[in-house]
Structures are given as structure tokens and as C-alpha cells.
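Input: a single structure, listed below in C-alpha cells.
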Amino acid sequence: MRRKLAAGNWKMNGTATALAELETLARAFPSPSVDVLICPPATLLHRAAKALGGTDIAVGGQDCHAATSGAHTGDISADMLADAGATSVILGHSERREDYGEQNDDIRAKARAAMDVGLKTVICVGESLEQRDAANTLDIIGGQLSGSIPDQSTGENLVVAYEPIWAIGTGKVPTLNEIGEVHDFIRARLERRFGEGVGRSVRLLYGGSVKPTNASDIFAVSNVDGALVGGASLKALDFSGIIDALSKV
Ligand code: PGA
């Protein structure tokens, strides 16, 4: 059985005052029945880990460099994330693919670096609206999966997040059939590449405008093992609704 996972991606949001949201979350879910992960900005990582200390809620980074150290101004290594208290890292988010031109090869190298220091990776894939309209969704996802996911992946160190770019922060969500089609496709690809054992143990998250109001329907879709949540992870109340919905699946 795959353990469900509710992951929050705070993106470039939050200063010290936002830690109060984590304290609220910690009080509500000291020991949640599903895995819960919060990925705050790197500046808050250490304080977030402290605020959630004593609970089973994990913290993670939003990106890392592929190198272990060196002359890379402004960058953060996987080891530094772990040192600050992270146990996971999001990689290949579409905003990084777009803003920094990150390619599948870059993401694979980052994922290797993260896995090498024992971080779990949440590798994001997803199509643009143009690609969906041109019926290229599965081709695009297939290419991102084979290019971004390293060979050393296991059910422990890999989570895949399907995030259609056009659904992120827009309030638009694919139909449940569309989500199911892509998640079944990702599962089949992982089983083909890594064998049934590993392929079936990797958790698949849906991301893109997940809210407390639509979470239950999305979580009922086959091969959806949880969500990667942006906007609705910033407020403890909203994120709690999503954790509750996932706990009831
Ligand atoms: P959203 O973002 O929930 O605000 O749509 C999701 C994401 O980008 O991970």
C-alpha cells in the first residue's frame, strides 16, 4: 500500500510571521494518518523544521543544485537542505522549467544529487495548454518522465507530481478522467522502466488548483496518491481541509 502524501509548496511566499500557520498545523496534526510535507522558501526551512519539531510533519526544499558545493552564487546544495532540516525536495517544477530554462537533464542531475544525500524527491511533470490542445499531453509527460527521473529511483526516494501548467494557480482543474488518464499512464511508464515492484510503490501526486472543495473528488481518482498544493497550502485552515480529505480516502 502506498502511503498518501499531502505536500505544500509555498513557492516564494512567507517570512517569519508565516510560521504561525505551521504552529497551527502542528497543533491540528501532531501525528497525521497520511504523510504531510511543507516546502517553505529556503530562508524559512530551518525555522519551519523547528516549528514542526515533535510532529510527523516533514519539511522540504523547492529546488537544489546538482553539485555538492562550489562556486555557484545564490544556489543551495542538497546537503545544505538536509542540514537545514529538509527530508525532501521538489524538483523540476514548471515555474523553474519556465523561469530558469531547466531541462530534463538538469532535473535528473539535481535528483541524483538529492537522492545521493538521502533526500526524497518530488519530481514534477506537466503539459502546457497548447500541448494539451494539440493532443500531445502523454508524449510530453513520457519525455519528462524518462528524461527527469534518475535510474537510482525507488518507491522511497521518488514521488512524481503531475501538474498541468495551465491548472497551476488558475482555479482550472482537468476533468477527473483527464487526471486519471495521465496518472495511469505515469504508473504504466514507471512499471515498465523500474519493474512492477518499484513502479507500483512510487507515489503519484496531482497538483494544480487543489482546494479543500475539490480535493475529495481528485483523491478518489485511480493512481492519485495525494496532492502537491500551492496557494491552498499557505493557510493552515485550507491545507487542513486537504489533509482531512486525503485521510478519508
Ligand atoms: P496551486 O499550485 O495549488 O496554487 O495551483 C500548485 C503548484 O504549483 O505546485
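The values are calculated or read from the model by the stated rules, or taken from the named source; none is laboratory data. As the structure is a prediction and not an experimental result, all values here were calculated from the model. Cβ atoms come from the backbone with ideal geometry, glycine included; neighbour counts cover every protein chain shown.
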Practice problem: Might you let me know whether region 193-214 holds any residue that is within 16 Å of the ligand (Cβ to nearest atom), part of a helix (DSSP H, G or I), surrounded by 16 or more Cβ atoms within 10 Å (Cβ to Cβ) and more than 13 Å from the chain's Cα centre (by Cα)? | Solution: no
Quiz item: When region 144-170 is examined, which residues are found to be assigned to a loop (DSSP other than H, G, I, E, B) and either under 11 Å from ALA111 (Cβ atoms) or away from the ligand (no atom under 11 Å from the Cβ) (or both)?
Solution: ILE149, PRO150, ASP151, GLN152, SER153, THR154, GLY155, GLU156, ASN157
Exercise. Residue by residue through region 25-52, note down the ones that are of a type in the set (Val, Ile, Thr), closer than 26 Å to MET1 by Cα and either modelled with pLDDT under 95 or surrounded by fewer than 23 Cβ atoms within 10 Å (Cβ to Cβ) (or both).
Key: VAL34
Exercise. Among residues belonging to region 171-192 that are part of a helix (DSSP H, G or I), closer than 14 Å to GLY126 by Cβ and charged (D, E, K, R), point out the one that is farthest from the ligand (Cβ to nearest atom).
Key: GLU181
Quiz item: Taking only pairs six or more apart or across chains, which ones have beta-carbon atoms under 6 Å, a first residue in region 146-163 that is aliphatic (A, V, I, L, M), and a second residue that is not in a strand (DSSP E or B)?
Solution: LEU158/VAL202; VAL160/ILE186
Exercise. Taking the residues in region 215-233 that are of a type in the set (Val, Ile, Thr) and within 17 Å of PHE185 (Cβ to Cβ) as candidates, determine which candidate is surrounded by the fewest Cβ atoms within 10 Å (Cβ to Cβ).
Key: VAL221
Exercise. Spot the failing condition for LEU237; the list is (1) within 16 Å of the ligand (Cβ to nearest atom); (2) more than 21 Å from SER148 (Cα to Cα); (3) touching a strand residue (DSSP E or B) at 6+ places or on another chain (Cβ under 9 Å); (4) hydrophobic (A, V, I, L, M, F, W, C), and only one is missed.
Key: (3)
